[in-house]
Amino acid sequence: MDLEVSPALTIPASELGWRFSRSSGPGGQHVNTSDSRVELFWNVCTSSALSDVQRVRLLTRLEPRLVAGVITLAVSEQRSQLRNREIALAKLAGLVAEGIAPEAARRRATKPTRGSNRRRLAAKQQRAATKQQRKRPPAE
């Protein structure tokens, strides 16, 4: 089952590696017999699905999560191995989509308008006047 990250990018199932182990946590009598914990790993460096630009973006943005160019996700949220596999695939797709997205345009700082400055100063004066009226009258 190939992993569709976006309409332009699909990771072939042959590039995805799986490992299963026993999960900690609840499960009753079932817990000692099933390998419900899932580890999904994918090698970013050798993937044929990525273009050179996408590969560079992923390697720089996901650098803290990569070990020798391989990204690994461990999921043991559910008791079912199948459900954990689906969660792992969804997490990988989200991570890769976020990693290959182009950077957002930087915001250009602008000056506040004259009207907004006037309104701000008027509000400050009004607030100051309100606080002045709360003071005790001077003793005569």
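Restricting segment 75-86 to residues that are free of Cβ contacts under 8 Å to residues at least 40 places away in the same chain and not basic (Lys, Arg) leaves a set whose member that is nearest to Phe41 (Cα to Cα) is Val75.
Ala49 passes every criterion in (1) exposed (fewer than 11 other Cβ atoms within 10 Å of the Cβ); (2) in contact (Cβ under 8 Å) with a residue 40 or more places away in the chain apart from (1). For segment 96-140, a tally of residues being over 30 Å from Asn43 (Cβ atoms), small (Gly, Ala, Ser) and not in a loop (DSSP other than H, G, I, E, B) returns 6. Residues in segment 52-105 that are closer than 21 Å to Ser36 by Cα and open to solvent by less than 40 Å² (accessible area, probe 1.4 Å): Ile71, Leu73, Val75, Asn84, Ile87, Ala88, Leu89, Leu92, Ala93.
The values are calculated or read from the model by the stated rules, or taken from the named source; none is laboratory data. Just so we're clear, the structure is a prediction, and the values are computed from it rather than from any experiment. Counting neighbours? That spans all protein chains shown, and the Cβs are built from the backbone with ideal geometry, glycine included. Only protein heavy atoms, including side chains, enter the accessible area calculation; ligands, DNA and RNA are left aside. Shrake-Rupley method; radii C 1.70, N 1.55, O 1.52, S 1.80 Å.
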